[in-house]
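For reference, the structure is listed below as structure tokens.
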Amino acid sequence: MRSRRPRSRPIEGGGNGNGFRTGYRGTQAGQVPVVTLNNGSRWKANPETTEGIQHMRSILESYRTDGSATTDLKDTLEAEFALIFERCTMTGDAHEQLHNYLLPLHTQLRELTSDAPKKDREAILAYLQQYGNYFE
């Protein structure tokens, strides 16, 4: 008998208003995983992960578009993102939820162009600001 994967189902909320589809469960092709709370509470994140998210926010908030930026924003954000994975010590469900949170961010970073348009920077920053809704 052939094994069947459960179908992903839409849940309330359908999106977060920042260009991310958060209304689908599962990680089948074309679907974005959903971050859920820990029985109504935020997940405990390791300090290095939280610091990495805060550092990415700081990078975006201080980014200057007048040509005086000394490094490419995309490269800087991707390097910080890689450090989050490298330094992560989380396990279990909290770790899985962190991955659910990070996957859409990874997509945004991968799609960010070197000129980093304002709308893209604002969307990434808005997404990073949601971290505290799910992790402490």
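When Gln28, Gln54, Gln97 are screened for being touching a Ser or Thr at 6+ places or on another chain (Cβ under 7 Å), assigned to a helix (DSSP H, G or I) and either modelled with pLDDT of 95 or more or not aliphatic (A, V, I, L, M) (or both), only Gln97 passes.
Here is a check on your reading of the model: is Gly40 modelled with pLDDT of 95 or more and loosely packed, with under 11 Cβ neighbours inside 10 Å? Yes; evaluated as a whole, the condition is true for this residue. Taking region 81-97 as the range and being closer than 20 Å to Arg110 by Cα and in contact with a His (Cβ under 8 Å, 6 or more places away or on another chain) as the test, only Phe81 passes.
The values are calculated or read from the model by the stated rules, or taken from the named source; none is laboratory data. Please read all numbers here as calculations on a predicted model, not as lab measurements. Cβ sites come from the backbone with ideal geometry, for glycine too, and all protein chains shown count toward neighbours.
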